[in-house]
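The values are calculated or read from the model by the stated rules, or taken from the named source; none is laboratory data. Given the structure is predicted, the values throughout are model-derived calculations rather than measurements. In this analysis, Cβ positions are derived from the backbone assuming ideal geometry, glycine residues included, and neighbour counts consider all displayed protein chains.
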Amino acid sequence: MKVKVTVNGVAYERDVEPRTLLAYFLREDCGLTGTHVGCDTSSCGCCVVVMDGGRAVKSCTMFAAQADGHDILTVEGLADGGKLHPLQQGFWDQHGLQCGYCTPGMMLTAYALLKHHPTPSEADIREGLAGNLCRCTGYQNIVKAVQQAARGGQP
Amino acid sequence: MDLQYSGEEKIAASPATVWAFVQDPEKVGRCLPEVVDVTVQDPTHVDAVVQVAVGPVRGRFKLKLELIPNAASRRIDMKVSGGGFGSVVDLTAGADVVDPGDGATLLKWSGQAVARGPVAAIGGRVLDAQARKLIEQAFANVRQQLSA
Amino acid sequence: MIPAAFDYLRAHSTDEAFAYLQQHGAEARVLAGGQSLIPAMRFRLARPAVLVDINPVRDLNVLRVNGGVLEVGAIARDSDIERAPWIADRRWSLVHDVSRVVADPVVRQMGTVVGSLCHNDPAGDWTATALAARAEVVVRGKAGTRTVPIDKFLVDSFTTAVSEGEMALAAHFPVPDDRTAGSYQKVERKVGDFATAAAAVQLSLNANGTIREAGVALSAAGPCAVRIDEAERMLAGQKPTAELIRAAADAASRRSAPQGDLRGSVEYKKNLAGVLVARGLRQALARLGVQA
Amino acid sequence: MSTESKPGGSLGVAMKRKEDPRFIQGKGHYVDDISMPGMLYLALVRSPYSHAEIKSIDISEAMKVPGVKAVITGKDLEAAGLGWLPTFHGLDKQMVLAIGKVLFQYQEVAAVFAETRGAAADGVEAVQVDYAPLPVVADPFASKTDKVILRPDREAKTNHIFHWEVGDKDGTARALAASPKRISQRIWFQRCHPAPLEPCGCVAYFDTMGRLQFHVTSQAPHVYRTALAIVTGIPEDKIHVMSPDLGGGFGNKVPIYPGYVCAIVGALKIGRPVKWIETRTENLTSTGFARDYHMDVEIGATPDGRVTALHVATAADHGAFDAAADPSKYPAGMFGIVTGSYDFPTAHAEVDAYFTNKAPGGIAYRCSFRVTEASFAIERAMDILADELKIDPVELRRKNFVRKDQFPYPSRLGFTYDSGDYHKTLDTALEALGYQALLKEQAEKRAKGELMGIGFSTFTEVVGAGPSKHFDILGIKMFDSAEIRIHPTGAGIVRAGTKSQGQGHETTWAQIVGEELGLDPQNIMVEEGDTDTAPYGLGTYASRSTPVAGAAIAMAARRVREKARKVAAHLLEAGEADVEWKDYKFQVKGVPAKSVTMKEVAFAAYTNMAQNEPGLEATYYYDPPNMTFPNGTYVAVVDVDRETGEVKVRRFLAVDDCGTIINPMIVEGQIHGGLTEGFAIAFMQEIQYDSEGNNLNTNFTDYLVPTSLETPHWETAKTITPSPHHPIGAKGVGESPNVGSPAAFVNAVVDALSPLGVRHIDMPVTRDKVWRAIRDAEARKT
C-alpha cells in the first residue's frame, strides 16, 4: 500500500506492506537508521519518535500506515542545521550516553516531555523517562542532561 | 506453565452409545469448538483446524488429536497438540463414561494444558482462558450432539 | 518479530468503521492505540486478517464533560486524561491516579481508555477503575447504539459485551459530586509491568460525613477486574473509621482470587489486595479532609 | 575536576567524549544499520522443547512461502563439516543447528533465508519439525545423578563437565573443624542475562575477491577472525571482521553464536549478502547467560571475630554445552578471588560443573570471569558470620582486612594482589555516609517496629587478564596491543586490539597518548574493531581494556617518544643523552629554556630528521606481568514496607579504588551503570526454568530492566592506590560496580529483617520473598 509520511520536514512516499512497522519504515524505507529497535514487547523505548510535534510514540508498536499524512520527528531532525538542540548539547555535556543505542529514543521522549512540561523537577523527569530503558548510564546523567536542556541548554 | 481443569456432563443417551461416540475420531474432532476442518488420519488420529477468538488472539490454529480408548475402564484419553511459530500447546484430557443406572450417562472429565515457547511467555493468561474454554466446550458439544 | 500479513482498512468515520466490521466480522480487529494488539501480533499470537484503523475518525477523539458524564471517545488517549486541565480536581482523583500508572509514559500517548476496557486484561488498570467509578460503555451494533454498564460489559478474560462486528464508541464516567474523591493503588515490579495487584476506590460523602456511596474494585484478582460488593455495602451509610476500613479491606482480600506467577504467590497477592484497598480508602478520605 | 583537554596533562581530565557527536545526531553505525543491494534476511527456527529428539524437519511448505530463498538444517551444515563448533575455550563443542536432538528450549533448529524480514518470519512459521520429547534435566543436582545422559556425543558418558579446585583442602578442613565458631550457608547466585540494549547480529558477504566481509556485534573481532579461519577453513587473510558501534555488550557479545555461522554459510551458498539480527526473545533465551552458581560457603572464626578458614563448594549449571567463555586454563574463571579483601590463614575452593537442558554460556554480565559470584559469596557470608558472632559487620571486616603493609599480598588461593588500602577506602565511606548517625536512626526506627537496613560490601576484584604464562583463549595469549602514528602536524592516530561497547575508548585512549606525548587528545583519532587495520588484540571484557591495552598504548607512546628524542636531539643540536623529556617537552638537561615540543619534533620527523629514520610511529604488544586488583566499599541504606514487601533503596554510596583514573567523568559513568545492573540483579532479574525446561523470562515483560523511576540515586567517591606494575598505575573499573553492589543490597535487606531472625534471602529479593520472610518470622515468634 502507498504511505506518505513527512519525516523531519521531508516528504517520503513509499509502497509498503501493511504490516510494515513504523520503526522499520524509517530505518529501511527512509534510510534514517538513527531510530533503533531493542525489544519485541514495547518495553525499551529505543524506537521512540515524536509524532505531530508533541506526541512521543514507540515506532515499533505502530504501523507505517498509521503515520500516513502525519509529521514524524526523529533524532536526525533534532539539530537545526549545524546547531545542536539543547537536549543534544545536554546529553554530550553531562555524559548522558555511553553506547548511544538508547540515546535517540531517550532524547525524543524528553523532547515531548519538555513540550508539555517545560520546567520539570528531577522526579518529573525520572517519571517521564520511565518508558525508556538504558543499560549503560544508570539514568543519573540522563536526568542531568534533560535538566540542562530545560534550563535553556547551558551546562 | 501447566493449567488443570475438570468438569462433568450429564448426557441423555446410553453409556454404550456415548462410549461408541467418544471413540470415533471424526465425531470427537467435530466437537472441538469453532472447528473449521476435520481430517481423520486413522482410527485414533485426526487433524483439525479451529478458529480461535479470545481477545487479541485471533486466527486459525492447526491441532493434532490422538484418541486412547481403554475399554476395560470405559475411559477415553485424548492428546491434543497444536501451535505455530515456535510455540506448542499440549492438551491432555480424559473422560470416564459412568453409568449412573438411570439410562443416561455421566461424562466425568479432566484436562491439562502445557504451553511452551513464546505463546507461554506472552499469552500465558490468554492461553489459560482459551484452553479451559476449548476443553469445556468440547465436552459440552459431545452432550449436545448425543442428546439431539 | 514481524506480524503475519493482514489487510489494512482506514476508516474516516464511525459509519465507515462499523461497515468494515460488519463486513469482516471475526476476521477483523479494531486498531485504536494498538499497544496490546500490536505486540500480540508481533508474536503472531494475534493474527487478524483485517485491521480497521479508527485513528482518523475525528468524532471518536473526544474528551469532554457532557450531560453529567465525562465522555471518553474511543481514540482519546491515556495521556490526554493525564494532561487534562480539569484532572487535578479531587473529584477526578481516581481517574487521575490511574492515568499516571497505566503502562508507561510513552505507551500512554497512544494507548486508549476504551481500548483497554475492550481488551479486558485480567490485570487491566482501566477496567477496575471503571467499576469503582461505575462507568458505562457505549457500543454500536446492528440494532443501533446501546449503553452497557461496566458490570455487564466485562464478561470474562479478554471477553466483553462487544460481539463480532460491533464497536465500542466511548466510555462514560459519571461526573462525581464535589464530596467525592478516589485513589488508585497499584503495586508493579517496575514501570510498564502488569499489576501484581491493584485497587480502585471512590468514595462520596454525605453532608454529615457518612459515606453516601462507595466504589471498590480489584485488578489482577481473577479472570477480570472485580467489584467488591461486600466492601461497598459495608461502607455505605457508615462513618469512616479505622475498623470499617479494615473490614472492607478484609472483604476485598477474601474476594481476591489471583493466580500465582512470577509476580507473586496467591497468598501474597490476596493479602496485598486488602492492603491496597485499605490504603486507597485512607487516601481517598484524606483527599476529602477526613482522617480515619 | 578540570574538563578542558590540553596538550600534555590530559590524564585525569573529565574531558567530554569525542565519540558523542555522532551518537547524539543519530549517526552511530550499528550492524543493523547496514543494508546492501540483494541482501537476504536470516531468521532461525527454534525448539519449543527443552530436550527432544528431532524425528523430521519438513521444509517443503517453507520453500513455497513467497520470498523464501533457502532453508538449511543441521544435516546440511554437518555435510559441510560445520555441524559442530568448538566452544570458546576449546574443551567442548556446540551444535550450530540441532542435529538429532535439541538440548535447550529456543535452540537453533533451522535457518531460513528470505528477501524480507516478513518473508523470513513467515518461512520460520512454515517449517514443520516433528519432536519426540525426552526427559528433562533442569538443574545441576538432578544432572549430578546421571540418570539422564544429556551428551552421548562426548567421550565420558556423564553430565559432569569438570572438577576444579584450588587451595589447601586438608588444612582448611582441619582448621574449620578446630574453629570455635563456624557458619555455613548455601548461597545461590541465580541465572541472569546481560541483555545489552542492542541485540546480537551480523551482515556477512563474500566480495568479488572472494574475501568474507563480516560485520558483527563482537567484543573480540580478532579472536573471531582466527576462530572462524580454524573452523571454516577459510584462510585468515580472506576474512575481514568489522565490529562497528556496539549498543552495549557486557560480555554478551564475546561468544560466536550459531546465527553468525549460518549467515556466513548462507552468504557462501546463495552468493548474496545475509543479515541476521536476533530478536530480544532470542537474545534472552539463547545467547550467553551469566552466573547460575550454587555455592556452599563455610567460614571458621574465633569468638572475637578473627577468621580462621574458608571453604566454598560450588555446583555450576553450564547448560547444554560448555560454552563458558573462560581463559582455557581457568574453567572456573577467577573464582579463586573468593577470599576477597580478607587475610584467611587457609582456604579451599572447588567447583563442579554440570550439563543441563538450558542455554549454554555462563561468563557474561560484567563478571570478570566468575568474580561476581565469588565476591557475592564472601561478602554475604561475612555478614552471616557477623550476625553469628554478634559483631558489627564493619568491625568484623576491618579486623580481617589485608593490611596495606602486606602488599603485594599472596592470597591463599593463588593470586598476588598488586596494591590496596582497604582500611582507607572503608573509612572514606564511613565518613561520607555518616555511619554513626545512621545507626542511631536505625535504633530509633527499630524501637517503633520499622524495618531499616544498612548493608556493606568491601570487595576486592581481579581483572586485566592476563599474563601470558597463565592466560590464553584458543591458545592465543591474552596480551593486547596498540599502534600509534603521529602525523607531520602533530595530530595522530592510535589503533588498539580492544573494542569499546560504550566505555569511551575513543576519548580515554587519546588522553593516554596526549599525556605521554604532550599532544592534544582532540587531535588523536582512535580506531578499534577492524581486523584489517587494528593490531591483534584479545578484545574488551573482564575490565581488561585499560589494564592491558591502556598499558600497551602508554608503552607504544614511550617508544614513539624514544624515536622522537633522536630527532629532538638533532633539533636541539645536543647529544641524545643530554636531552630529557620534562613538562611535556624535550629539554636539554639543565637548560630548560632550550626545548622543543613534540609537535615541532613530529614535523621535523618528516621534514628535517637528519640521519634518523623518517616518520614517527610505534607498535607495542603488552604482556601484563600480573593481574590488577581494584577494590571498593559500597553501602546501601534501605527501608522495607512490611505490608507490601517493597524495599526502597534510600541511599547508596560507592567508594571505588581503581588506581590511576584517566577520565573521572567516564569512570563515574561506569560506576552508575554497573550499580544499576547490580540493583537489577539483586531485586529483579532471573532467567528461570520450570521443571519441564521452559524458560519463564523470555522477554522484557518478564526479564526486568529497571527504569529511571526504580533506579536509586548514586553517590560516588574514590581513593586512589595505583597499580605498581602498570605503566600509568591504572587498574580498570568497568566491572567493580556489578561485582560489589549485589551483596550491599542483599546485606542491607537482611540487616533490616535481622531483628526478626532472618539471616539470608536468595536473589532476586522480590516483594513476595520479603513479605513471606517477615510473615514466617512473625509466625515463628508467636
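Tabulated values for the structure
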quantity: Residues of the stretch D:681-716 satisfying the condition of being β-branched (Val, Ile, Thr) and either closer than 22 Å to D:Tyr293 by Cβ or assigned to a loop (DSSP other than H, G, I, E, B) (or both); calculated: D:Ile681, D:Ile687, D:Thr698, D:Thr701, D:Val705, D:Thr707, D:Thr711
quantity: Flag if D:Asp20 is within 9 Å of another protein chain (Cβ to nearest Cβ), over 29 Å from B:Arg116 (Cα atoms), acidic (Asp, Glu) and free of Cβ contacts under 8 Å to residues at least 60 places away in the same chain; calculated: yes
quantity: Given (1) in a loop (DSSP other than H, G, I, E, B); (2) farther than 16 Å from C:Ala292 by Cβ; (3) out of contact with any Leu (no Cβ under 8 Å at 6 or more places or on another chain), number of the condition C:Glu230 does not satisfy; calculated: (1)
quantity: Wholly enclosed strands (runs of 3 or more DSSP E) of the stretch A:1-105 bearing at least 3 residues within 8 Å of another protein chain (Cβ to nearest Cβ); calculated: A:55-58
quantity: Yes/no for D:Thr766 being out of contact with any Lys or Arg (no Cβ under 7 Å at 6 or more places or on another chain) and without any contact (Cβ under 8 Å) to a residue 24 or more places away in the chain; calculated: no
quantity: Criterion (more than 30 Å from D:Ala551 (Cα to Cα) and either crowded, with 24+ Cβ neighbours inside 10 Å or facing chain A (nearest Cβ under 10 Å) (or both)) met by exactly one of D:Glu710, D:Glu735; calculated: D:Glu710
quantity: Test: D:Val112 is modelled with pLDDT of 95 or more, part of a loop (DSSP other than H, G, I, E, B) and buried (at least 17 other Cβ atoms within 10 Å of the Cβ); calculated: no
quantity: Hits in the stretch D:622-648 - residues which are crowded, with 18+ Cβ neighbours inside 10 Å and farther than 30 Å from D:Asp768 by Cβ; calculated: D:Tyr622, D:Pro624, D:Asn626, D:Met627, D:Thr628, D:Phe629, D:Pro630, D:Asn631, D:Gly632, D:Thr633
quantity: Near pairs, Cβ below 9 angstrom, 6+ apart or cross-chain, from the stretch B:86-111 (within 14 Å of chain D (Cβ to nearest Cβ)) to any residue that is assigned to a loop (DSSP other than H, G, I, E, B) and hydrophobic (A, V, I, L, M, F, W, C); calculated: B:Ser87/C:Phe43; B:Ser87/C:Leu45
quantity: The stretch D:278-295, residues that are part of a strand (DSSP E or B), crowded, with 24+ Cβ neighbours inside 10 Å and not aromatic (Phe, Trp, Tyr); calculated: D:Ala290, D:Arg291, D:Asp292, D:Met295
quantity: Strands (runs of 3 or more DSSP E) wholly inside the stretch D:410-504 containing at least 1 residues that are farther than 30 Å from D:Ile774 by Cα and hydrophobic (A, V, I, L, M, F, W, C); calculated: D:480-486, D:492-496
quantity: Condition met for D:Leu77 (of a type outside the set (Phe, Trp, Tyr) and in a strand (DSSP E or B)); calculated: no
quantity: Selection from the stretch D:60-82 of residues that are at pLDDT 95 or above and in contact with a Ser or Thr (Cβ under 9 Å, 6 or more places away or on another chain); calculated: D:Gly67
quantity: Helices (runs of 4 or more DSSP H) contained in the stretch C:100-181 and holding at least 3 residues within 14 Å of chain B (Cβ to nearest Cβ) and either surrounded by 24 or more Cβ atoms within 10 Å (Cβ to Cβ) or in contact (Cβ under 8 Å) with a residue 40 or more places away in the chain (or both); calculated: C:113-119
quantity: Residues within the stretch D:44-69 that are over 23 Å from D:Thr356 (Cβ atoms) and among the β-branched types (Val, Ile, Thr), tallied; calculated: 4
quantity: Criterion (part of a loop (DSSP other than H, G, I, E, B) and either without any contact (Cβ under 8 Å) to a residue 60 or more places away in the chain or among the β-branched types (Val, Ile, Thr) (or both)) met by exactly one of D:Gln611, D:Gln587; calculated: D:Gln611
quantity: Qualifying positions in the stretch D:752-773 - within 11 Å of chain C (Cβ to nearest Cβ) and touching a helix residue (DSSP H, G or I) at 6+ places or on another chain (Cβ under 6 Å); calculated: D:Pro764, D:Asp768, D:Trp771
quantity: Hits in the stretch C:1-17 - residues which are in contact with a Leu (Cβ under 9 Å, 6 or more places away or on another chain) and more than 14 Å from chain A (Cβ to nearest Cβ); calculated: C:Thr14, C:Glu16, C:Ala17
quantity: Close pairs (9 angstrom Cβ cut-off, 6 or more residues apart or separate chains): within 14 Å of chain D (Cβ to nearest Cβ) in the stretch C:249-263, aromatic (Phe, Trp, Tyr) and in a loop (DSSP other than H, G, I, E, B) anywhere; calculated: C:Arg263/C:Phe194
quantity: Candidate set from the stretch B:41-64 (those that are at pLDDT 90 or above and surrounded by fewer than 16 Cβ atoms within 10 Å (Cβ to Cβ)); member that is farthest from the other protein chains (Cβ to nearest Cβ); calculated: B:Pro43
quantity: Only one of C:Ala200, C:Ala221 that is within 30 Å of D:Pro764 (Cα to Cα) and part of a loop (DSSP other than H, G, I, E, B); calculated: C:Ala221
quantity: Output for the stretch D:632-650, where each listed residue is under 25 Å from D:Thr719 (Cα atoms) and either out of contact with any helix residue (DSSP H, G or I) (no Cβ under 8 Å at 6 or more places or on another chain) or not assigned by TED's automatic domain parsing to the domain that holds D:Thr766 (or both); calculated: D:Arg650
quantity: Some residue of the stretch C:39-50 being away from chain A (no Cβ under 14 Å) and among the aromatic types (Phe, Trp, Tyr); calculated: no
quantity: Residue count, the stretch C:4-37 (criterion: crowded, with 22+ Cβ neighbours inside 10 Å, of a type outside the set (Lys, Arg) and modelled with pLDDT under 95); calculated: 3
quantity: Check on A:Asn132, assigned to a loop (DSSP other than H, G, I, E, B) and within 9 Å of another protein chain (Cβ to nearest Cβ); calculated: yes
quantity: Complete set of residues in the stretch D:641-680 that are part of a strand (DSSP E or B) and either at pLDDT below 95 or touching a Gly at 6+ places or on another chain (Cβ under 7 Å) (or both); calculated: D:Ala654, D:Val655, D:Asp656, D:Asp657, D:Gly659
quantity: Yes/no for D:Thr416 being of a type in the set (S, T, N, Q), closer than 28 Å to D:Asp623 by Cβ and either crowded, with 21+ Cβ neighbours inside 10 Å or in contact with a Phe, Trp or Tyr (Cβ under 9 Å, 6 or more places away or on another chain) (or both); calculated: yes
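Residue-wise test of (1) closer than 29 Å to D:Gly434 by Cα; (2) under 21 Å from the mean Cα position of the chain (by Cα); (3) β-branched (Val, Ile, Thr).
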residue: D:Val596; (1), (2), (3): no, no, yes
residue: D:Ala602; (1), (2), (3): no, no, no
residue: D:Asn626; (1), (2), (3): no, yes, no
residue: D:Thr633; (1), (2), (3): yes, yes, yes
residue: D:Leu653; (1), (2), (3): yes, no, no
residue: D:Ile661; (1), (2), (3): yes, yes, yes
